[in-house]
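Single-structure report; data block below.
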Amino acid sequence: MNLLKTNWEDFGLFLLDKAITILLISILFFILYQAGSRIVKRLFKNYSEQKWTDTSRILTLSRLTTSAIHYLTVFLYIYTVLGVIGIPVANILAGAGILGVALGFAGRDLVADIINGFFIIVEHQINVGDTVAFAGLDIEGVVKTVGIRSITVIGADGATTFIPNRNIAALKNYSYKERTVNLDVPVTSENLIERKNQIMEVNANYPQLKYLGIINIEDKLFLRTSLTAPLSKITPLKMEILDKYYEK
């Protein structure tokens, strides 16, 4: 009886020790995840406040980075906890047979999702808020999130569709249309230099702008700058820039 009592006591102490260790690991990973997410959001927030940045692209990259941190944290947490419990994860994966093959296929799909998602972001194919249609999937709507594994789209009927990145072979982005307009600022021979310097200073903050020089329209002088931007943003951006051109 004493032997059984001693074994149960040892087993209880063993479980308590593991539980405390797992609790501390959980707290540590939670703190690391929260800190990492806050740092990412802060960095992208500061970056998006720059006048020349594309807000929708910054939002897309921010959510993608946060998603990557989430999946990495979960993977490392599970791996660490299993190691604490005493389960040899590496050995199990190496000798799991059919399970290993199944995990291999799942891993292949995950890698395909990540690679395809990476090129979608790098090539600026989709941003959060874009209206898109996916060829062969009969899906059309507004992009809500762009994640490391999938893209979330809100359809016209309000339904949410989750599309694995590996299934995206071709797409139409209706928000990708761009338009070029000319911004003409009237000048005189007296204020030409001053106005030009102000325009060049403003243009330095907007990569969408290109200074074209002095033009003459019906015997009146203008300083012309071209603005190229998506159709949905062209009007507010034009008004914002013109306001800065005329600031004193």
Looking at the range 219-248 only, could you name the residues that are within 14 Å of P207 (Cα to Cα) and in a strand (DSSP E or B)? T225, S226, L227, T228, A229, P230
Exclusive hit being buried (at least 18 other Cβ atoms within 10 Å of the Cβ), outside the structural domain of L221 (by TED's automatic domain parsing), in a strand (DSSP E or B) and among the aliphatic types (A, V, I, L, M), set V143, V128: V143
Among the candidates N165, N191, N216, residue that is out of contact with any His (no Cβ under 9 Å at 6 or more places or on another chain), touching a residue at least 12 places away in the same chain (Cβ under 8 Å) and not assigned by TED's automatic domain parsing to the domain that holds H70: N165
Just need a number here: residues in the range 193-211 that are of a type in the set (F, W, Y) and not in a loop (DSSP other than H, G, I, E, B). 1
When you check A229 against the structure, is it touching a helix residue (DSSP H, G or I) at 6+ places or on another chain (Cβ under 6 Å) and either at positive phi or small (G, A, S) (or both), yes or no? yes
Please count how many residues of the range 213-241 are touching a strand residue (DSSP E or B) at 6+ places or on another chain (Cβ under 8 Å) and either surrounded by 13 or more Cβ atoms within 10 Å (Cβ to Cβ) or more than 22 Å from E194 (Cα to Cα) (or both). 15
Which residue out of T145, T160 is free of Cβ contacts under 8 Å to residues at least 24 places away in the same chain and polar (S, T, N, Q)? T160
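The values are calculated or read from the model by the stated rules, or taken from the named source; none is laboratory data. All of these numbers come straight from a predicted model, not from anything done at the bench. For neighbour counting, all protein chains shown are included, and Cβ atoms are generated from backbone atoms with ideal geometry for every residue, glycine included.
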